[in-house]
Amino acid sequence: MTLPKRIRIKGWNDVVKQMKDLDIPDLYVFFLSYEAKNTETSEASLIGKMHHHLKVMKESIERGLQEPNRTKSGLIQGGAFHMKQFTQKGASLLNKSFSNMISRVLAVAELNACMGRIVASPTAGACGVLPGALMTIAENHGKTDEELVKSLFVAGGIGEIIALRASLSGSTHGCQAEVGSASAMTAGALAYIMGGSPLIVESAAAFALKNILGLVCDPVAGRVELPCVKRNVMGACNALACAEMALAGITTLIPLDEVIDAMAQIGNSMPCSLKETSQGGLAVSPSAQIIKNSILL
């Protein structure tokens, strides 16, 4: 079937319906076609750009683990490097792969805090979730760069749906819209790269976002460092667990579109003090105030 000049969607249900109507069997193919048609860009060019994004993600992990990254504020003190050393000593609580995922997530998030080069996925504040988890699973299961690129298009498609129905902004809907969205995108990408059907991918993404509903954005001293970097780790761990549940055959009872709508409703109900203004939550704790005053001196 000839594709229309533009492909319009309002949510995941539209994706599934149009895949059927347009006889598109694969989520990657759908989201690639969606982007190509709506941006009037060739598929080859888009694939090339995604390979470049993948390259930058890998470089971000590598750079973030080369040495301890420290910010001028002192809120970041080389956590990724310390985690790497911890893992190399064989001290992992679960297994080396899980610990490696944590160190990779930290590496990218810390590199962002140190003004390094990263891929916003979907935002800079949530940049460590997707690469840290996806590269680890790909390594463990021998996935190729081509398979990784396909999964990144699926992750991007999930992010597009969240942006259409709600937002990806912490200042609009709190950290649930940043780390929460990143976790949903990552869970869906993990489910896809492991052969999951559209229903499995939807369930993984829905689980991940449901688990982070209500997460506030309360950066200490107004910096995307504390608690942001550690929340990236939480988002990756959540994504991994949710992808595994979905791949095991557990399906979401609340459709992804409705979970996203709930996130928007919760975000709209949040006071401004909990949406990136640093006027509530951890940002106003006594210790955070001491940190803020010491940074300003």
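At-a-glance table
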item	result
Cβ-based charge dipole, the chain, positive-most Cα from Ala138, Ser103, Ser45	Ser103
With 5 Å bins from 0: P(r) over region 127-178, alpha-carbon pairs, percent	5, 18, 22, 22, 15, 11, 7, 1
Pairs of lysine residues in region 48-204 - Cα separation under 20 Å, sequence separation of 8 or more or cross-chain	11
FRET efficiency for Thr2 and Met115, using Cβ-Cβ distance with R0 set to 41 Å, rounded to 0.05	0.30
Stretch gain in nm, segment Leu199-Ala248, where the contour uses 0.36 nm per residue and the Cα spacing is subtracted	16.4 nm
Cβ charges +1 (Lys, Arg) and -1 (Asp, Glu), total dipole of region 1-47, debye	240 debye
Förster radius 25 Å - calculated FRET efficiency between Ser42 and Asp14, Cβ distance, rounded to 0.05	0.55
Percent RCO, i.e. relative contact order, over region 17-128, from Cα pairs under 8 Å lying at least 6 residues apart	22 percent
Portion, in percent, of the accessible area of region 1-109 that falls on carbon or sulfur, probe 1.4 Å	52 percent
Solvent-accessible area per residue, Å², over the chain with all protein chains present [probe radius 1.4 Å]	44 Å²
Viscosity 1.567 mPa s, 4 °C: Kirkwood-radius Stokes-Einstein D of the chain over Cα pairs, µm²/s	67 µm²/s
Within region 157-182, backbone nitrogen closer than 19 Å to the virtual label 7 Å beyond the Cα of Lys49 toward Cβ	157-164, 168
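The values are calculated or read from the model by the stated rules, or taken from the named source; none is laboratory data. All of these numbers come straight from a predicted model, not from anything done at the bench. Don't worry about glycine lacking a Cβ; one is built from the backbone with ideal geometry, like all the others, and counts go over all protein chains shown. Heavy atoms of the whole protein, side chains included, go into the accessibility calculation; ligands, DNA and RNA do not. Shrake-Rupley method; radii C 1.70, N 1.55, O 1.52, S 1.80 Å.
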